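First comes the structure, then the notes that go with it.
Taken together, the values in this text are just the output of simple stated rules run on the coordinates, not laboratory data. Please read all numbers here as calculations on a predicted model, not as lab measurements. So basically every Cβ, Gly included, is an ideal-geometry build from the backbone, and we count neighbours across all protein chains shown.
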Amino acid sequence: MADQLILNVNGQDHKILAAPETPLLYVLRNELHCTGPRYGCGVAQCGACAILVDGAEVRSCITPASSATGKKIITIEGLPVLWTSNHAEVDSNALHPVQQAWIDEQVPQCGYCQSGMMITAVELLANNPAPSLAQIKDAYTNKPPSPHLCRCGTYAAIIRAVQLASKTISAIPRTGGSTSS
Amino acid sequence: MKAVLPTSSSAPSMEPLPQLTRRGFLQSGGALVVSFAMHPLSAQAATATPSTAQSMPAASWIELRDDGKIIVRTGRTEIGTGMSGFYPQIVAEELCVRPDVISLIMGDTDRTPDGGYSAGFLSGADNLRKVSAYTYQALLGLASEKLLIPVEQLTVNDGIVIGNGRQVSYADLVRNQRLDLTVPVSGKFARVDPKSWNGIDGLDGLTVLGNPPTRPVNKFKVVGTSNPMPGIPDKVTGRTQWTCDVILPNMLHARMIRPTALGSTLITAGTLDKAIYPNVQVVVKKNLVAVVAPTEWEAVSASLVVAASTKWTEWAGLPTSAKLSETLRNYKWEKPSEAKGDLEQTTSALNAATKKVSATYEQPFVKHAPIGAFVAVADVRDDGTVTVWSHSANLQGLRAQIANTLSTPVEKVVVRWLDHAGQFGRTTFGGDGAEGDAAILSQILRRPIRVQWTLQDDFAWSASSPGWIEDIACSLDANNHITALKSSFYSPQSNDARIVGAVLAGMPNLRSKPDYWIATEWPYDRIPHRHEEVFGMPNLGSDSPNGVGMRGLIMRTPGQRQQNFALESLLNEAAVEAGMDPIAFRLAHTSDQRLIELLHATATKAEWQSRPSPNPSPKADEGEQLHGRGMCLMTRQNSCWVGIAEIVVTPSTGVIQVTKFTIGADPGKIINPRQLERCMLSGVVMGISEALKEEVTFDTGKITSTFWSSYKILTMAEMPEIRVVQISRDDKGYGGGSEAANAICPAAIAAAFHDATGIHARRIPLTPSYVVQQLRPKAVL
């Protein structure tokens, strides 16, 4: 049966009615029309549905909506605000450095997996603003529950974009207090 | 799929250019609209029938508006390779405008003029180049009238026509007018046709005729620059509307309940407890079973319950993937689908030779494996009109198939295109997505239906690129020159684009012929005799009770990916037999100057040291790891490709790591160096994935590799350092620049495996278990 749940998504509280076991992916996409995270495999094996919950990457296709109440959910739609709210001196319309790097490096081909790829980059750079090549590869390959897969094969562009975003993030000091950059 | 090359010189046609028709003056607005006529140019004037000034033809090629904006329409779609950037570049070049004033509409069957293959970029580019060239001439004519200056004295810069110190913009030329330009075309729209090879005709779409004066390649300003791909900012910020994002009023979500085996038929459909699932409905049509619900999660939850209680007949008509090669070997092949070359001379040269190299190469079934399982929305209305939202790569082909399956006139069907996960040729012939399921369910329920396949649905029930075997042999003379080469390729068909939902529902569908084709483009003109033949057979399990079977379809670099692997692997083995460096061996067998130049450039970039294989000192350090290098080349669609792989083999685990891959391409005139580089880098990832990992497994009834944990693809950590070489030419037209990068990897990696180990690997993928088995000492008899 449907319960009322309050979810904080991209800085705003939303009241929704959903069966508590409903995966966050379906709630975000169909109830809140937040379509950045996408259905790839439904079993946490590809990463297309990745989002941040309290700053940590989770696979929204297997995460019950009820488990995320009282936590801060961030999708790619919320990355600009996440960035500008923690960096007072940047233009309030600026994209997150990870998004800007994804544009500058022309990363997406079909682009279906890239929302999840950017989420991993944001999490990685929040914990390690200057990752080595090996650390970037490790974050996308060996971190549970599965590697982030790209069938178009954009891995080289992703690596370049993470390195570019790393430079931007390292150059601009943080002013806010949120859990991730 | 055939390449249509633009003329590299701009020799103008002797035919008259199409003339503008003015359909009256307007109080406001104004545009020049370029559409088409299906007959020769000389008759076009008669077609300029007046219409009301406001009614724009929906499917014009180009609309040039009085605000300076230009709308360009093409039936092709963006398949992830940057075409949505290339088409505006090509139009901008001919019209002398900036690409950013151009908006591109792609794919939609009611809003684009020409249809055609999305993968057929070359023919799409040729169409738009000619349309733009005709438009440019018409605009010069208008400007000449307005400025009273002869056309020959006019130049255009950034949409401003200039002559004799006076100027007028394109926008001013069309202001307060409605001007029509009709360009000549040939071709036909896609229709289901049992006589054609894959059951559907007209997939090429329309071709623009004539030979208008075009800008000389060496004067290009826009083509050849790295224009960004237009859709990327929206994809990165979450603004793109994907196929999976379509929500219609009154829409139901569906999940499919597929049979337990590929050939099973329905005994009884499962049921639901209405107290628990009051809003959910089970829909059955013959062997098509679905669950529909107002919310997606209800559909997902209910589908698990229904699937568990649905009963299917047993079926075990597949040979198993372990026995695939044996099955292909034992099949009673009849005459070849296609043969090329002189069999008698080739056979006699082979028989006369003292030194011969022969081998059989093989590969299992592989999958297109999109990252997102397929999805579609369909709305079949009471008046018989149908709208389908799809990410097919041939929308007019899909439209014809949907109309055929629903027994509806094709004119009543509209297919709209939206982005979705890359699919690498799976929908080049139209269908093979969830569109058929959605349209059938919507026709039954008379409501908009969204069908989302699961990953397992997609892996188990979509078409695959079939497994194959090839016997190939060549003879060497005393100077180690190849005197003759003979090949025989055997595979199940690769052209079964039937809509799987329609097969299961017993509704009208395509009928294809189980033929294969010679895909090799021959790079070795200095081999005097050759004979190639290819054999096709029906899908495995094609005689099953439900009629589905292991459907085969083309996949990226189709046919040539497979046949070139065998050809290049044999050349590598022959180079070993000759005791020659494999690049030097290639150079001895071709006089293609483009290929020769690219071989040298790629070898230099890879720091290639000339020597024969195997590697005399494969252990670079004290450990057990073995180092090897190998190469491969290919010519395809007016392009040359070279790949050089460096690998490390760990004998105890069987793991191969590709440490460096150098890829060289000469696709004639490079349209966009950066987008080409992206395609080359990513194509190498896909090619290494195929060489090392990819294999569809199946038991006697069904595909068993239905998760990413069982159908493995390359991960980021497994990607090598990749080096790129590009050669652009002004005198060779355009060549295929995005597709083929994957196909040069497997033979280069297999050669590197031999270089490291001294063992010829004649099967891909080179999985750890296969490698360990190859390295095991052979029993001495």
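Reported to the nearest whole Å, the Cα centre-to-centre distance from the range B:423-457 to the range B:706-738 is 29. Ignoring lysines fewer than eight residues from A:Lys167 along the same chain, the ones with Cα atoms less than 28 angstrom from its Cα are A:Lys72, A:Lys137, A:Lys143, B:Lys235, B:Lys660.
For a footprinting-style exposure proxy, rank B:Asp66, B:Asp730, A:Asp91 by other Cβ within 10 Å, fewest first.
Exposure proxy ranking, most exposed first: A:Asp91, B:Asp730, B:Asp66.
Placing unit charges on each Cβ (+1 for Lys and Arg, -1 for Asp and Glu) gives the protein assembly as shown a dipole about its Cα centre, and among B:Ala59, A:Ile172, B:Gln423 the Cα reaching farthest toward its positive end belongs to B:Ala59. Estimated purely from DSSP H runs of n ≥ 4, each contributing -39500 (n - 2.57), the mean residue ellipticity at 222 nm for chain B is -8000 deg cm²/dmol once divided by its residues.
Put in line by how crowded their Cβ is, counting other Cβ atoms within 10 Å and starting with the fewest, B:Val655, B:Val223 read B:Val655, B:Val223.
Quick check on the protein assembly as shown: take the gyration tensor over C-alpha atoms, sort the square-rooted eigenvalues as a ≥ b ≥ c, and tell me if it's rounded (a/c under 1.5), prolate or oblate.
Values: a/c = 1.30, a/b = 1.07, b/c = 1.22.
Here the protein assembly as shown falls in the rounded category.
Taking amide hydrogens as placed 1.01 Å from N in the peptide plane, the amide H of B:Val415 sits under 5 Å from those of B:Thr109, B:Asp110, B:Val388, each at least 5 positions away in sequence or on another chain. Under the combined filter of DSSP loop state and at most 10 neighbouring Cβ atoms within 10 Å, the range B:733-781 retains these trypsin sites (Lys or Arg not before Pro): B:Lys778.
Once you list every other residue whose beta carbon is under 15 Å from the beta carbon of A:Thr22, what net charge do they have if Lys and Arg are +1 and Asp and Glu are -1? Don't skip to the end; give the middle numbers.
On the way: positive: A:Lys15, A:Arg29, A:Arg59, B:Arg255; negative: A:Asp3, A:Glu21, A:Glu31, B:Glu296, B:Glu298.
After counting each charged neighbour, the total is -1.
Kindly provide log₁₀ I(q)/I(0) values, in the same order as q = 0.16 Å⁻¹, from the Debye equation applied to equal alpha-carbon scatterers of chain A. Results for chain A at q = 0.16 Å⁻¹ read -0.94.
With contacts taken as Cα pairs under 8 Å and at least 6 residues apart, chain A reaches a relative contact order of 24 percent. Each Cα pair under 8 Å and six or more residues apart adds its sequence gap; the mean of these over the residue count of chain B is a relative contact order of 13 percent. Top mean-square fluctuation among A:Ile51, A:Ile74, A:Ile159, Gaussian network model of chain A, C-alpha springs under 10 Å? Fluctuation is largest for A:Ile159.
First select every other residue whose beta carbon is under 15 angstrom from the beta carbon of B:Leu587; then total the charges, Lys and Arg +1, Asp and Glu -1.
Values: positive: B:Arg526, B:Arg586, B:Arg594, B:Arg611; negative: B:Asp525, B:Glu568, B:Asp581, B:Asp592, B:Glu597.
Within the 15 Å Cβ shell, the charges total -1.
For B:Lys702, a cut-off of 22 angstrom between C-alpha atoms picks up these lysines, skipping any fewer than 8 places away in its own chain: B:Lys285, B:Lys286, B:Lys311, B:Lys323, B:Lys367, B:Lys693, B:Lys712. Qualifying GluC sites (Glu not before Pro) in the range B:573-669, where qualification requires a DSSP coil assignment and no more than 13 other C-beta atoms within 10 Å, comprise B:Glu607, B:Glu622, B:Glu624.
When both bridge partners sit in chain B, DSSP labels roughly 70% of those beta bridges antiparallel. Couplings 3J(HN,Hα) for the range A:53-67, derived from phi with the Karplus relation 6.51 cos²θ - 1.76 cosθ + 1.60 (θ = phi - 60°), are 10, 6, x, 10, 5, 10, 8, 6, 6, 10, 9, x, 4, 5, 6 Hz, where x marks Gly and Pro.
Placing unit charges on C-beta atoms (Lys and Arg positive, Asp and Glu negative, everything else neutral), compute the dipole magnitude of the range A:24-180 about its Cα centre in debye, rounded to 20.
Details: 11 positive and 10 negative charges, 69 e Å.
The dipole magnitude comes to about 320 debye.
Taking amide H positions as modeled 1.01 Å from N, with prolines and chain starts lacking one, the residues under 5 Å from B:Ser542 and 5 or more places away or on another chain are B:Met550. Sparse packing (at most 16 other Cβ atoms within 10 Å of the Cβ) combined with a DSSP loop state is found for none of the chymotrypsin sites (Phe, Trp or Tyr not before Pro) in the range B:710-765.
Relative contact order for the range A:106-181: 45 percent, from Cα pairs under 8 Å spaced at least 6 residues apart, divided by residue count. Rounded if a/c is under 1.5, else prolate if a/b beats b/c, else oblate: with a ≥ b ≥ c from the C-alpha gyration tensor eigenvalues square-rooted, which is the range B:537-611? Prolate, because a/c is 1.5 or more and a/b exceeds b/c.
Arrange A:Arg29, B:Arg426 by Cβ neighbour counts within 10 Å, fewest through most, would you? Kindly include the intermediate steps, with their values, before the conclusion.
Values: A:Arg29 23, B:Arg426 27.
Result, fewest neighbours first: A:Arg29, B:Arg426.
Please say if the range A:1-51 is rounded, prolate or oblate, where rounded means a/c under 1.5 for a ≥ b ≥ c the square roots of the C-alpha gyration tensor eigenvalues, and otherwise the choice is prolate for a/b larger than b/c and oblate otherwise? Kindly include the intermediate steps, with their values, before the conclusion.
Numbers: a/c = 2.44, a/b = 1.45, b/c = 1.68.
Oblate is the answer for the range A:1-51, as a/c is 1.5 or above yet b/c matches or exceeds a/b.
Rounded to the nearest 20 debye, what is the charge dipole size of the range A:78-171 about its Cα centre when +1 sits on each Lys and Arg Cβ and -1 on each Asp and Glu Cβ? The partial results should precede the final answer.
Working: 5 positive and 6 negative charges, 66 e Å.
Value, rounded to 20: 320 debye.
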